[in-house]
Amino acid sequence: VADQSDGSTRLERMPTVLWRRTGRAVLLLPPRAEKPIWLTGTGVQLWESLSEPRTVDELARRLAREFAADPRQVVMDLEPVLAELVGIGAVRVGHAP
Amino acid sequence: VTPSGSLVRRAAIDALAQGLGLHRDPIPEPLEPTSWQTLLTLARRERLEGMLAQAVHRRWLAATETQAEELDALHADALELCLMLERTLLQVLDALDAAGVRALVLKGSAVAHLDYPDPSLRSFGDVDLLIHPTQLEAGIAVLDDRGYQRRYPEPRPGFDRRFGKAVTMSAAAGFEIDLHRTFALGPFGLTIDLEQLWTQPASYRLAGRPVGALATRHRFIHACYHAALGNAIPRLAALGDIAHLSRSDEVDPLEVLATVRAWRGEAVVARAVSLVGEILEVDVPGLTTWAAGYEPSGVERRALRAYGERASYAAKSYAALRVLPGFRARAAYAAALIMPRRSYLGDRHVGYASRLQRGLSQVRGRQHLL
C-alpha cells in the first residue's frame, strides 16, 4: 500500500464491512471473509483512525503519537497490516480529490 | 437461586442500570472466582456481555486482569455470532428485495444499531423479520428457494397469513430465520393493527446497505410485547431494551398509550413496564405510575394468563378465539387448530383424535389453574 502511495493515496474502511468492538479487539466481517477477523493491540486504534480517509503517513503519525513510537517504525509496522486489510476487502484505497 | 447467585444477579442488573446512566453503587472489589463464573454464565444467558464489559471498562465493576480477559473473550464470542447473523440477515434481505417482498428487522440487529449508543453493547442470537401478511407466503417461498425449510408445516392453507405469529425457517448449514406476521401468538397478537407497523418505518445502515426497522414507538411497544408475553421470565437484556427505548425522545408515553389502547394491548405494556420496575428497579418515564395503577379487565386477565409460566400453545389458541372478529374467522381458526392437515401433525401427535384430546386437556389444565 505504501509503495503505491504518492501522498494523495488515502485509505478508509470499506462500508460493506460488518464490524463490532470489544474492550480489547475489533471484529471485522468483510464480505469475502468466511469468519470474523480480529484486530487487537494497535489494530484497534488503526481501525478507529480509518473511520475517515487518511494517508499512510497520517495514520502513522496518529498511531505514533498515541503510542509514543517512532513514526518511521510505525509506517513499517503498518504496511503489512494495511495490505492484508485491503486484501480481505476491509479497507479500500482511494485518492484525495 | 443461591445467595451468591442472587447477589451476582443484582450486580448484573446494577451494571445494566448504570449503563443507562442511572446511579448505582459501584462494585469496588473483584468478585471471588465462583461468583465471577456465575456472573459470566448469567451474562451469556441474559445477553448482557456488552453491558458488563462496559461496566468493567468504566471501572464501575472491578475485575482482575484475568477476569477482564475472560469477559472480553465472552463478549467477542457473542459479537462473532452477531456478525454472522447480520451477514445472513443481509443475504436474506437481498433475496426478499429481489422478489419484491418488503421486510422490517425486528429486535436483535435493529435494536442494537438504533437504540444503543454502540451496537456492540447489545448481543443477540437470532434473526427476526416482519413481513406484511399479504407477502408472507411470498417471503416463505423466497427462503424456500434458498434452501430453507419450514420447521413446522402450516396447520391449514392461509393460517399463517390470517392468524399466525411467525414462521420459523431453518437451513441445514445456517441460522434460523423467523418471518413474523405479528408480535405475539394468541389474543394479543391478533388485535394489533398490522398496517400501522408499515407506515413510516425507521431505517439504519448495515454494511453500507439501508435496512428497514419498526418506527421507534413501535420498537418500544414490540419490546414490551416480547418481554411481557415471551419467556415466562424475560431476559434481562429484553427488559433493558424497554428501559433504553423509553428514554428516546421519539417515544411519547401518550402516543404509546393511544396506540396500545387501540390494539387492546394496554395490559401487555403495563405488565412489561411493571417487570422493568420490579426486576431492574428502573422507571419507564411517563408509564411507571400508569402501569402501577392499571387494572386489567377480566378479559385481559384471562388473556394474560394464557402467556404465564405454564402457558401452552393450546391455551393461547383458546384465548385467541375470544378476540377474533366474527363467526367465520373463529370457525376457520378453530378448525385449523383442531383439525389441521396431516402434514402439520407430523410425529408430534398421531392423529386428530389425540390432538383434540391433548388440546382440550391443555386448555382444561390451564383453566384449572386460573
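Only the coordinates and a few stated rules stand behind these numbers; no lab work does. Remember, predicted model here, so these are calculated numbers, not experimental data. Note: ideal-geometry Cβ built from the backbone for every residue, glycine included; neighbour counts use all protein chains shown.
Structure above, values below:
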read-out: Global geometry of the protein assembly as shown, whether rounded, prolate or oblate, following the gyration tensor of its Cα atoms and the 1.5 cut on a/c; value: prolate
read-out: Ranked list, fewest to most other Cβ atoms within 10 Å of each Cβ, for B:257, A:29, B:185; value: B:257, B:185, A:29
read-out: Sequence-separation-based contact order of chain B, relative, with Cα cut under 8 Å and 6+ spacing, percent; value: 14 percent
read-out: Between 0 and 90°, nearest 10: helix B:216-229 axis offset from chain B longest Cα axis; value: 80 degrees
read-out: Label-to-label distance, nm, for residues given as residue B:150 and residue B:297 (7 Å Cα→Cβ offset); value: 3.4 nm
read-out: Likely footprinting exposure, B:25, B:160, A:57, fewest C-beta neighbours within 10 Å first; value: B:25, A:57, B:160
read-out: Charge tally in the Cβ shell below 15 Å around residue B:94, where Lys, Arg are +1 and Asp, Glu are -1, residue B:94 excluded; value: +2
read-out: Chain A: relative contact order as a whole-number percent, Cα under 8 Å and 6+ apart; value: 38 percent
read-out: For region B:29-154: relative contact order, % (alpha-carbon pairs under 8 angstrom, 6 or more apart); value: 25 percent
read-out: Point-charge dipole on Cβ atoms (K/R +1, D/E -1) for the protein assembly as shown, about Cα centre, debye to 20; value: 2600 debye
read-out: Rounded, prolate or oblate (a/c below 1.5 giving rounded, otherwise prolate when a/b exceeds b/c) for region B:1-73 by Cα gyration tensor; value: rounded
read-out: Phi-based couplings in Hz for region B:234-246 (Karplus 6.51, -1.76, 1.60; Gly and Pro marked x); value: x, 5, 4, 5, 5, 5, x, 4, 4, 4, 5, 5, 5
read-out: Whether chain B is rounded, prolate or oblate, judged on the alpha carbon gyration tensor where a/c under 1.5 counts as rounded; value: prolate
read-out: Listed peptides B:101-114, A:73-86, B:69-82 by packing density, highest first (mean Cβ within 10 Å); value: B:101-114, B:69-82, A:73-86
read-out: Per-residue average of Cβ from other chains inside 10 Å of A:24-32; value: 4
read-out: Estimated inter-spin distance, residue B:73 and residue B:329, nm [label 7 Å along Cα→Cβ]; value: 5.4 nm
read-out: Computed magnitude of the charge dipole of region B:1-59 (debye, nearest 20; Cβ of K, R +1, Cβ of D, E -1); value: 180 debye
read-out: Footprinting exposure proxy for B:163, B:188 (fewest neighbouring C-beta atoms within 10 Å first); value: B:163, B:188
